[in-house]
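One structure below.
The values are calculated or read from the model by the stated rules, or taken from the named source; none is laboratory data. Just so we're clear, the structure is a prediction, and the values are computed from it rather than from any experiment. Backbone-built Cβ (ideal geometry, glycine too); neighbour counts: all protein chains shown.
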There are 2 protein chains.
Amino acid sequence: MGPGDSAQLLKFDEQGLIPAVVQDWLDGTVLMVGYMNQEALNQTVATKTVHFWSRSRQKLWEKGETSGNKLHVKSLFVDCDLDTILVKAQPVGPTCHTGARACFFTSMDESGAVGVGKAGEAAGGILEAVLR
Amino acid sequence: MGPGDSAQLLKFDEQGLIPAVVQDWLDGTVLMVGYMNQEALNQTVATKTVHFWSRSRQKLWEKGETSGNKLHVKSLFVDCDLDTILVKAQPVGPTCHTGARACFFTSMDESGAVGVGKAGEAAGGILEAVLR
């Protein structure tokens, strides 16, 4: 069974995409969320580096193809209703295009406001609570 | 600034939704992914338990409102392009409707096939690699 067959079980959305959460396989940090189409999933499985479909550029891209900051696949999971992928990966360098280790570095405060000077790294493990 | 104002900064999609990854605040396990609209986000911030918009039932729901398996918010983050939310939460009981602790218990094998007897718990921390 090839990737093209098996992945028919997954529920892609009306644009043919499925969200993929990428998590550091060692410490559990959520590094980024991107979207895969069938081809991106096939390439991710075949090459063992994470590929996405860029919604803004409307093209397939390998994460890190320009920056070198690739994500090496350690394991792949799907959720109970088959509409979200979880990738456990070993990152090469920072994952975020800003140079941050992960993309989730902006915290929201108790009002739901974004980026009000309480930004913190959403690393794995125990964190101070921003909401108490 | 109330949640209604501040959240205008977030990029909701054409259906008015934004994906939210929920992660165990203590060990980093990715528990589930759901979708919030403005009202679900407001309720999540106001009550400090996770609320979603159900796409299948087309209604607001508090995670655990029936089962009791709620998700207590510890902190909220948004990603670098403001189109994904990360919730660090303290789960009450199992998060998945199947009774599993988390929804990502089905692994994909090297071909990309789903559920071929290699299912494993996608817990936080170090895991054996399913793909090598």
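Of B:Gln38, B:Gln23, all but one fail to be of a type in the set (S, T, N, Q), within 10 Å of chain A (Cβ to nearest Cβ) and under 12 Å from B:Leu86 (Cα atoms); the exception is B:Gln23.
Across segment B:77-88, the qualifying residues are those that are within 7 Å of chain A (Cβ to nearest Cβ) and charged (D, E, K, R), and the one among them that is surrounded by the fewest Cβ atoms within 10 Å (Cβ to Cβ) is B:Asp79. Please verify whether A:Leu17 is more than 12 Å from every other protein chain (Cβ to nearest Cβ) and either on the phi < 0 side of the Ramachandran plot or of a type outside the set (Lys, Arg) (or both), treating the condition exactly as stated. So A:Leu17 does not fit the description; no.
Please identify the pairs in which a residue from segment A:89-114 that is facing chain B (nearest Cβ under 7 Å) has its Cβ atom under 7 Å from the Cβ atom of a residue that is buried (at least 24 other Cβ atoms within 10 Å of the Cβ) and aromatic (Phe, Trp, Tyr), counting only partners at least 6 apart or on another chain. As it stands, the answer is A:Phe104/B:Phe77; A:Thr106/B:Phe77; A:Ser107/B:Phe77; A:Met108/B:Phe77, since those pairs meet every condition given.
In segment A:115-132, the qualifying residues are those that are more than 24 Å from B:Gln38 (Cα to Cα) and more than 7 Å from every other protein chain (Cβ to nearest Cβ), and the one that is modelled with the highest pLDDT is A:Glu121. For segment A:38-63, a residue qualifies if it is surrounded by fewer than 20 Cβ atoms within 10 Å (Cβ to Cβ) and not in a helix (DSSP H, G or I), and the qualifying residues are A:Lys48, A:Thr49, A:Ser54, A:Arg55, A:Ser56, A:Arg57, A:Gln58, A:Lys59, A:Leu60, A:Trp61, A:Glu62. Among the residues examined, B:Ser67 qualifies as in a loop (DSSP other than H, G, I, E, B), loosely packed, with under 15 Cβ neighbours inside 10 Å, at pLDDT 95 or above and not acidic (Asp, Glu). Answer yes or no as to whether B:Lys74 is under 20 Å from A:Val30 (Cα atoms), within 11 Å of chain A (Cβ to nearest Cβ), out of contact with any Pro (no Cβ under 6 Å at 6 or more places or on another chain) and at pLDDT 95 or above. When the stated conditions are applied, B:Lys74 passes them.
Table: residues versus (1) in contact with a Phe, Trp or Tyr (Cβ under 9 Å, 6 or more places away or on another chain); (2) in contact (Cβ under 8 Å) with a residue 40 or more places away in the chain; (3) over 25 Å from A:Gly34 (Cα atoms).
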| position | (1), (2), (3) |
| --- | --- |
| B:Ala46 | no, yes, yes |
| B:Thr49 | no, no, yes |
| B:Trp53 | yes, no, no |
| B:Lys59 | yes, no, yes |
| B:Ser67 | no, no, yes |
| B:Ser75 | yes, yes, no |
| B:Asp79 | yes, no, no |
| B:Leu82 | no, yes, no |
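When restricted to residues that are in contact (Cβ under 8 Å) with a residue 24 or more places away in the chain and either basic (Lys, Arg) or within 16 Å of B:Gly34 (Cα to Cα) (or both), segment A:17-38 contains 10. For segment A:28-78, the set of residues classified as farther than 24 Å from B:Asp13 by Cβ, out of contact with any Ser or Thr (no Cβ under 8 Å at 6 or more places or on another chain) and not polar (S, T, N, Q) consists of A:Ala46, A:Lys48, A:Glu65, A:Gly68, A:Lys74, listed by residue number.
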